[in-house]
Amino acid sequence: MNLYLRYFDRETLVTSVDEAIDFLSSISEIGMTPELEQDIREYAASDVFFPKRYKIRPRVYFIVIKTEAETMQDFKEKKALRNHSDNAAPAKDRNMPNMLLTKLNEERPGWYEGSLDFKRVLMVPGTGKFQYRDTHFVAQVKAVSPMDCYNRIVDHLRSRVDERSQFPSAKGKNFNYRFLGAAKGNV
């Protein structure tokens, strides 16, 4: 795996982390520190393939990109792009969104306690202006699945808060639920 580094118009394609550190050390504005060197080594050794951006000062950055390109020309012509199916993530991590969606849609009629963190639009009394405020909402809902629980909570809130309020995805970390027990009769 090679590393592409760029700081304004200075750029290079290197085959090792040591070469990358040498390149960055040659640029006086960057100010190589042991912490920065350690972070670059950790990034190079990790399974992360997203570009990494390092802040030098406000609005001034340098970037490091992992690539399979052998030459700068190959990199510029994007001849060594990684396929998403060739991702280095373990198979269980690649299937995580599918498992989560399956779990959300799994039918299990009964009572659920759903909690939702959303951005609620509220008027500031003194100014008459509006602002987003983080709001936590918890409800016990009779539903057929966790997704149905989410939909019922969001439908309830939409009819009671400003229409500009923003609700998170059911798949995100801002929606949690727990099954409380089976319900008698139809939901």
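Just a yes or no: is a residue in the range 99-108 at pLDDT below 90, open to solvent by 100 Å² or more (accessible area, probe 1.4 Å) and within 20 Å of the chain's Cα centre (by Cα)?
Yes, because at least one residue in the range 99-108 is at pLDDT below 90, open to solvent by 100 Å² or more (accessible area, probe 1.4 Å) and within 20 Å of the chain's Cα centre (by Cα).
Please list, ordered by first then second residue, the pairs with beta carbon atoms under 9 Å, 6 or more apart or interchain, first in the range 122-147 and aromatic (Phe, Trp, Tyr), second open to solvent by 100 Å² or more (accessible area, probe 1.4 Å).
Listed pairs, sorted by first residue: PHE130/MET123; PHE130/ARG164; TYR132/ARG164.
Is it the case that the range 130-149 has a residue that's small (Gly, Ala, Ser) and out of contact with any Phe, Trp or Tyr (no Cβ under 8 Å at 6 or more places or on another chain)?
The answer is yes; a qualifying residue exists.
Pick from VAL144, VAL161, VAL138: which is β-branched (Val, Ile, Thr), more than 17 Å from LYS103 (Cα to Cα) and surrounded by 13 or more Cβ atoms within 10 Å (Cβ to Cβ)?
It is VAL161.
Filter the range 164-187 down to the residues that are within 15 Å of LYS103 (Cα to Cα), open to solvent by 70 Å² or more (accessible area, probe 1.4 Å) and either over 29 Å from the mean Cα position of the chain (by Cα) or among the hydroxyl-bearing types (Ser, Thr, Tyr) (or both) and list them by number.
Hit for the range 164-187 is TYR177, nothing else.
Of all residues being under 22 Å from the mean Cα position of the chain (by Cα) and of a type in the set (D, E, K, R) in the range 60-87, which is modelled with the lowest pLDDT? Just the residue, please.
ASP86
Restricting attention to the range 157-187, which residues are assigned to a loop (DSSP other than H, G, I, E, B), touching a residue at least 12 places away in the same chain (Cβ under 8 Å) and under 11 Å from GLY110 (Cβ atoms)?
Passing the criteria: ALA182, ALA183, VAL187.
The values are calculated or read from the model by the stated rules, or taken from the named source; none is laboratory data. In this text the structure is predicted, and so the values were computed from the model without any measurement. Cβ sites come from the backbone with ideal geometry, for glycine too, and all protein chains shown count toward neighbours. SASA here: full protein model, heavy atoms, side chains in, ligands and nucleic acids out. Shrake-Rupley method; radii C 1.70, N 1.55, O 1.52, S 1.80 Å.
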